Amino acid sequence: MFDLDIASAAVSAVAAMAGVVVAIVAVVVANKQLRQLSISNQQLALSNDEITASNRNLVRPVIVVDYLLTSHPSKNPQFGGTSSVSVIVKNVGVRPACKVLLQVSPPFEPVGDDANDPNVMRALDFVNGVMNGHHEIAMIDSARPAVYHLANGSDAFEDDAVGKQYTVNVSYTDISGSTRFHESFVLDLRAWQLAWSRAEPLDRLSKDIQFLTDTLKNK
């Protein structure tokens, strides 16, 4: 004989079990969605951080230290003129670099006959003082690099001088002063040994005008 109470209880039990299963599935699905949402938020935050860092790098100051070869033409175009080697500290970034500290190791030394030239020695003493790691340059913007004379070109490329390397460590802040940047540069004249420097066109033109003027005066 069919027992209605037993059947009703069985149906209730099945319904309750189904409800539990549905609840468990709902919890699992919700938990999975929450994990996916958390991962998505983390990826979005990481992407935002990368964009922020990229934008910051686009507008940050960037100090570069390198050799600068300069040709100094003679007034008479029949003569080649002279050349000089300097160290240039330039900001190739967008914002000004502030509180710039430079430290050269070892200190720059005279080459060739430059040791007997008091003007060159004064220049070397000055640049070594600027690059002693304690002399702070208030600001270097992208429009005005700092250029320091080191040696006459003919002396700088003598065999005993060209092999010397100098390391310049640089630290500086952005204009807000909140972030300090650090760079290191190795100055090696061997890379420039077979290079040649061009005179500035206006400099060459000025010398040519002087030469023509003196020539006409003497006729």
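Of the residues making up the stretch 100-135, just one is in a strand (DSSP E or B), of a type in the set (A, V, I, L, M, F, W, C) and open to solvent by 30 Å² or more (accessible area, probe 1.4 Å), namely LEU101. When ARG95 is tested against the conditions (1) of a type in the set (Lys, Arg); (2) modelled with pLDDT of 70 or more; (3) not in a loop (DSSP other than H, G, I, E, B), the lone failure is (3).
Condition test on MET131, is it out of contact with any Leu (no Cβ under 9 Å at 6 or more places or on another chain) and at pLDDT 85 or above? So MET131 does not fit the description; no.
The values are calculated or read from the model by the stated rules, or taken from the named source; none is laboratory data. Quick caveat: nothing in here was measured; it's all calculated off a predicted structure. All Cβ positions, even for glycine, are placed from backbone atoms using ideal geometry, and neighbour counts span all protein chains on display. All accessible areas refer to the heavy atoms of the entire protein, side chains included, with ligands and DNA or RNA removed. Shrake-Rupley method; radii C 1.70, N 1.55, O 1.52, S 1.80 Å.
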